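The values are calculated or read from the model by the stated rules, or taken from the named source; none is laboratory data. Bear in mind that the values here come from a model prediction, so they are computed numbers and not experimental data. No Cβ is skipped: glycine too gets one built from the backbone with ideal geometry, and neighbour counts run over all protein chains shown.
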Amino acid sequence: MEMTTNTANAITNAAAAGKRTVSSPATMMKNIVQNEATMKILRDSLHENAGAFAASVIELYSGDKALQKCDPRAVWAQCLKAVSLKLPIVKDLGLAYVIPYKGEPTFQIGYKGLVQLAMRTGAYKYINAGEVYEGEFVSQDKLSGRVDLSGTRISDTVVGYFAYMETLNGFTKTLYWDKDKSIAHAKKFSKSYNSGSAIWREHPDEMFTKQVLRNLLSKWGVLSVEMCNAFSAESEDNTALADEKIAAEPIMEGVEYEVQDEG
């Protein structure tokens, strides 16, 4: 979400007011968020949820010592990206995050947030993603892209990852990457993977699964303006960083999101 002149002015003026009174980063953020011009921005975008979002930003910043080392104005500018996507930044929800990365606040959308944006389009009947175990992969048709995962699992060895979607108009697409392709993609595009980030060490299957789902939706999915904004608001390299903040919430194997037809 690009900041308008009015938005930038609201942030600057509120921060200046905070500097005149106290130097506490948490208090500066509170002044920024509770400034009337800032609240108008939130009310215009989030309506009755404006107050809850403002409170969540204050709680996020006040409870994260590492984030407090970042300029509160820069943090709030990243929070505005979540406003544009109408995603809360409550850590426990796992939808969107603002976290410090090399001294700068960075917005990342979580796995759950990606799924929610997809479901908001009203275009999907099913979205599913997970791990593929030894014996389950049977074949992949190069022309149609169809993947047969009907084989019998013979071990607990993960050999690949899949993502599947079906739209309400009947279009289906499955994306399957074997372990080698998944690792090669991470090495090419993810600095966090190459740096030995804890999330990749401790939850590699969840991260590889998210990687495949993101590629499926971005290339073959029905993309709303919100989803396009989400993809542009963060780089793929940074998607791992959000999950590192909530490593205790791995993607469940075989989790499926379904919209039931009425009647």
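Quick look at the values:
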| quantity | calculated |
| --- | --- |
| Some residue of segment 201-216 being exposed (fewer than 15 other Cβ atoms within 10 Å of the Cβ) and modelled with pLDDT under 70 | no |
| Residues (in contact (Cβ under 8 Å) with a residue 60 or more places away in the chain and among the hydrophobic types (A, V, I, L, M, F, W, C)) located in segment 83-117 | Val83, Leu85, Ala96, Ile99, Phe107, Ile109, Leu114, Val115, Leu117 |
| Test: residue in segment 232-243 that is of a type in the set (D, E, K, R) and modelled with pLDDT of 75 or more | no |
| Enumerated helices (runs of 4 or more DSSP H) restricted to segment 150-221, each holding at least 3 residues that are free of Cβ contacts under 8 Å to residues at least 24 places away in the same chain and more than 17 Å from the chain's Cα centre (by Cα) | 179-189 |
| Looking only at segment 138-149, and only at residues there that are surrounded by 13 or more Cβ atoms within 10 Å (Cβ to Cβ) and in a strand (DSSP E or B), the one that is modelled with the lowest pLDDT | Gln140 |
| Test for Tyr126: is it under 21 Å from Asn169 (Cβ atoms), among the aromatic types (Phe, Trp, Tyr) and touching a residue at least 40 places away in the same chain (Cβ under 8 Å) | yes |
| Where Val98 falls short, out of the listed (1) at pLDDT 85 or above; (2) buried (at least 22 other Cβ atoms within 10 Å of the Cβ) | (1) |
| Evaluation of Arg153 against (1) closer than 15 Å to Ser218 by Cα; (2) touching a strand residue (DSSP E or B) at 6+ places or on another chain (Cβ under 9 Å) (one fails), failing number | (1) |
| Which numbered condition Ala52 fails, given (1) buried (at least 19 other Cβ atoms within 10 Å of the Cβ); (2) modelled with pLDDT of 85 or more | (1) |
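Residue-wise test of (1) modelled with pLDDT under 90; (2) part of a loop (DSSP other than H, G, I, E, B).
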{"position": "Ala77", "(1), (2)": "yes, no"}
{"position": "Pro88", "(1), (2)": "yes, yes"}
{"position": "Gln108", "(1), (2)": "yes, no"}
{"position": "Val115", "(1), (2)": "yes, no"}
{"position": "Tyr126", "(1), (2)": "no, no"}
{"position": "Glu136", "(1), (2)": "no, yes"}
